[in-house]
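Asks: The following block contains the structure, expressed as structure tokens.
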Amino acid sequence: MTTSGPGRPRDPEVDRRILDAALEVYGRDGWGGFRVETVARLAGAGKASVYLRWHSGEELLAEALGRLGHLDDIDTGDVRTDLLRLAGQIRDAHLGPTGRAAMRLAVEAHQVPAVERRWKAARDAQVSAARALVRRAIDRGQLPAGTSVTLLLDLLLGATIMHLQAAPDFLLERSARTSPDYLRDMVDFLLAAFRAGT
């Protein structure tokens, strides 16, 4: 048990269930259909229990969505491995129950001020981490000096997301299963193209 304030015990497992449920409800219904009652029911918790932890649906959703914006710092010393791991993290964020929430967030964040603030901060951190990864590879001579950081990342991350988003529902499971091969082929293609083209 943890405490969130003076004498207020909190069960981390209940917190996790509520946050997971919030992501699922948001991914399915969007902000317009987001209801604390629905989240509580899905989490197997009482509505009062949710409001003891978060003062509003906006606050709850902001914390839940904040879990989607994290990118691990990647620096193995090898650009191919780093790009594969980066693409893998982006792929994982767009798979499973959090996938729809991540897609909605990119479009709807502006509708919820608390969510928009966190989303912008998370997005800026993601962009900085990804750009630093490519710049390190250029500095190490693993990519040519003239490499466009923006173009490389747009191609890598855009293709990673579209690989899953463009798959029809009946092929989504297969796309997720074959995505490691797709990511390897894409990274190898991009590295060869950027090295040859500069």
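Yes/no per residue for (1) touching a residue at least 60 places away in the same chain (Cβ under 8 Å); (2) surrounded by fewer than 20 Cβ atoms within 10 Å (Cβ to Cβ):
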| position | (1), (2) |
| --- | --- |
| GLU58 | no, yes |
| ALA64 | no, no |
| ALA93 | no, no |
| GLY99 | yes, no |
| MET103 | yes, yes |
| ALA114 | no, yes |
| TRP119 | no, no |
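Asks: Among the residues of the range 145-154, is any in contact (Cβ under 8 Å) with a residue 24 or more places away in the chain, touching a helix residue (DSSP H, G or I) at 6+ places or on another chain (Cβ under 7 Å), exposed (fewer than 12 other Cβ atoms within 10 Å of the Cβ) and over 20 Å from THR81 (Cβ atoms)?
Replies: Yes: one or more hits.
Asks: Is it true that LEU52 is under 13 Å from the mean Cα position of the chain (by Cα), of a type outside the set (Lys, Arg) and either crowded, with 18+ Cβ neighbours inside 10 Å or modelled with pLDDT under 95 (or both)?
Replies: no
Asks: Another one. For the condition at pLDDT below 80 and basic (Lys, Arg), what is the one hit in ARG184, ARG177?
Replies: When all the criteria are applied, what remains is ARG177.
Asks: Looking at ASP92, ASP139, which one is of a type in the set (Asp, Glu) and within 20 Å of ALA166 (Cβ to Cβ)?
Replies: ASP92
Asks: I'd like to check which helices (runs of 4 or more DSSP H) are fully inside the range 28-139 and have at least 1 residues that are in contact with a Gly (Cβ under 9 Å, 6 or more places away or on another chain) and within 19 Å of VAL14 (Cβ to Cβ).
Replies: 36-43, 47-53, 96-108
The values are calculated or read from the model by the stated rules, or taken from the named source; none is laboratory data. Here the structure is a predicted model, which means the values were calculated and not measured. We place every Cβ from the backbone using ideal geometry, glycine too, and count neighbours over all the protein chains shown.
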